[in-house]
Amino acid sequence: MESADGKVLISYKAGLNEKEPSGFRAYRLPLDRVADMVRSAGQYSAVQFRDGYRDAAHAIPFSELIILDYDDGVTLCDAVDMFGQYIGIVATTRSHQREKHGVVCDRFRVVLPTLRPVKLEAVEFRKMMKEVILHYGTDKACSDMSRMYYGYPEAEVFFLEGCQLFDWEPFYQSALDKERQRQQQYRKPIQQASGDREAAQLDKAIQTFMRKEFVPGARNPTLFKVSRWLRDKGIDDVSCMVHSLNSKSDYPLPDDEVNKIIRNALTAKH
């Protein structure tokens, strides 16, 4: 919240029909009004959408809120302690203390105004959010910039009593540092296996293949083929390289799914 008015950007649409993505309107509101939206029978998101149409292509890369979802393993009391130094909201969700997948537990959302606006494009935003999610042990599905959340009229809302706004930039820097390390690890085995010239050719071929083939609906077979390709070239650290390629893509798969693909590729006989 760089502005002096203490307001934050939030997009909102009345009603709970997720199948109709249009109709979102952007507002700049104080935190108590944001709490009203969290408690309403509507949908909200931390970014604005062009023409009010909620999808990744229409999301505008500007956010003043970080929203985290807790579905298991952390209690409300834990969350209030964990985020106690911040200004923000903790609000229960519809499934709070209800049976879900055989588990009854606290389920809630944490809404944190940011120290500075997040002006990252979708891929970079996802990198940053993955680090935040890893640090705070929250739902991995919340890394997409265009994600929508349901309000809940019966939500219990707790205002955090801290004095700090959430600083997202160290998490983004951590993501960049890890990516740089992965890239270095990725290139080193290729150079050791084939020499600089052949390594450059292999690197270029794989990058071209990924750009053409790694799209929704074909991501799993593409990573499988790349894993086999690297294995057949005698590369030692296939896992590290495939994870690096996946993380740099526009549509990365979850790490556990990538691990499964690599394992299947390396153990398959044909």
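The values are calculated or read from the model by the stated rules, or taken from the named source; none is laboratory data. Just so you know, these numbers come straight off a predicted model, no measurement behind them. So basically every Cβ, Gly included, is an ideal-geometry build from the backbone, and we count neighbours across all protein chains shown. These area figures cover heavy atoms from the full protein model, side chains too; ligands, DNA and RNA do not enter into them. Shrake-Rupley method; radii C 1.70, N 1.55, O 1.52, S 1.80 Å.
What are the residues in segment 1-26 that are of a type in the set (A, V, I, L, M, F, W, C) and at pLDDT below 85, if any? Break it down stepwise before answering.
At the first step, the residues of segment 1-26 found to be of a type in the set (A, V, I, L, M, F, W, C) are 1, 4, 8-10, 14, 16, 24, 26.
Residues satisfying the conditions are MET1, ALA4.
This table checks each residue for (1) on the phi < 0 side of the Ramachandran plot; (2) polar (S, T, N, Q); (3) assigned to a loop (DSSP other than H, G, I, E, B).
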residue	(1), (2), (3)
GLY217	no, no, yes
PRO221	yes, no, no
CYS240	yes, no, no
PRO252	yes, no, yes
ALA265	yes, no, no
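Any idea which of (1) free of Cβ contacts under 8 Å to residues at least 12 places away in the same chain; (2) on the phi > 0 side of the Ramachandran plot is the one GLY73 doesn't satisfy?
The failed condition is (1).
Which of (1) within 28 Å of LYS248 (Cα to Cα); (2) open to solvent by 50 Å² or more (accessible area, probe 1.4 Å) does ILE133 not meet, given it meets every other one?
Every listed condition holds for ILE133 apart from (2).
Residues in segment 127-137: is at least one in contact with a strand residue (DSSP E or B) (Cβ under 6 Å, 6 or more places away or on another chain), closer than 23 Å to ASP71 by Cα and part of a loop (DSSP other than H, G, I, E, B)?
Looking for residues that are in contact with a strand residue (DSSP E or B) (Cβ under 6 Å, 6 or more places away or on another chain), closer than 23 Å to ASP71 by Cα and part of a loop (DSSP other than H, G, I, E, B), one finds none in segment 127-137, hence no.
Mind checking which strands (runs of 3 or more DSSP E) fall wholly inside segment 1-116 and carry at least 3 residues that are crowded, with 18+ Cβ neighbours inside 10 Å?
In segment 1-116, 8-14, 42-45, 63-70, 87-92 are the strands (runs of 3 or more DSSP E) which contain 3 or more residues that are crowded, with 18+ Cβ neighbours inside 10 Å.
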